[in-house]
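See below for the structure under consideration.
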Amino acid sequence: MRRLICALMMLTAPVAAQSEEVVLGLSKDNVAITTSFDGSEILIFGAVKREEAINTAEPLEVVMTIAGPSEPVVVRSKEKKFGIWVNTEALEVDSAPSFYAVATTGPIAQVLSETEDLREKVTIDRAIRSVGAPAGIIDAGRFTEAVIRIRQEKNLYQLLEGQVALDQQTLFRTRIDMPADLTEGDYLTRIFLTRNGKIVSNYETTIDVRKVGLERFLFNMSRQQPIWYGLMSLAIAIFAGWGASAVFSALRRN
């Protein structure tokens, strides 16, 4: 497993009312997907810069999110009829991140208010956008729940409550495992500082996830030159079949 370390440098977020700022940077801002890629572990750590004494009356909390490229998702409902499973209903979720992780210093309901969550779309269900459902579909929310459930099983959606360590309300750190089947694109990384559920400072950056080497060559060819890609795939299949046949024939003769 490859390891990507997100080291926090001297880049500051907008100054909040309490003069607390996220000190954040990336020592490496890209993930290379190769034919042997089996996932990546993201280490994120940083500090809070302040010009005043620490407010001990209202503890500081940290919320981090990493979101992959969003795309529409068609969700189908199946029902068993006459002994076989058939599709009965389908709904297109307008936009769902291909990967989404939320890490916090405590229970999400305690560290972030509903109002802030609604505005910033931090929690997993809020990060998914589903405008409406076709006529005749009852309880459209179950389709969104199905997307979340399926992607949680594949480790593509993660809720890591209490997984951000915060030392003396100044230094914070966490780690997030990214699976092997990542979608290419920019992964938006957000860090929020909160007090009493209200956001007092935030910072955003991106991690670039791209295919490289042979993986990139084959991917580009399949998109830009599909005819040549199909012919090459056919030639490889024919050669592999002929090679296997020749080997078995030689073994039988011996």
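Here are a few things to note about the model shown:
- Enumeration of residues in the stretch 144-167 that are more than 22 Å from Phe45 (Cβ to Cβ), of a type in the set (A, V, I, L, M) and open to solvent by 60 Å² or more (accessible area, probe 1.4 Å): Ile150
- Condition met for Asp29 (of a type in the set (Asp, Glu), within 17 Å of Asn155 (Cβ to Cβ) and at pLDDT below 85): no
The values are calculated or read from the model by the stated rules, or taken from the named source; none is laboratory data. Note that the structure is predicted; figures quoted are calculated from it, not measured. Virtual Cβ from ideal backbone geometry, glycine too; neighbours counted across all protein chains shown. When the accessible area is computed, the model is the full protein with side chains, heavy atoms only, and any ligands, DNA or RNA have been set aside. Shrake-Rupley method; radii C 1.70, N 1.55, O 1.52, S 1.80 Å.
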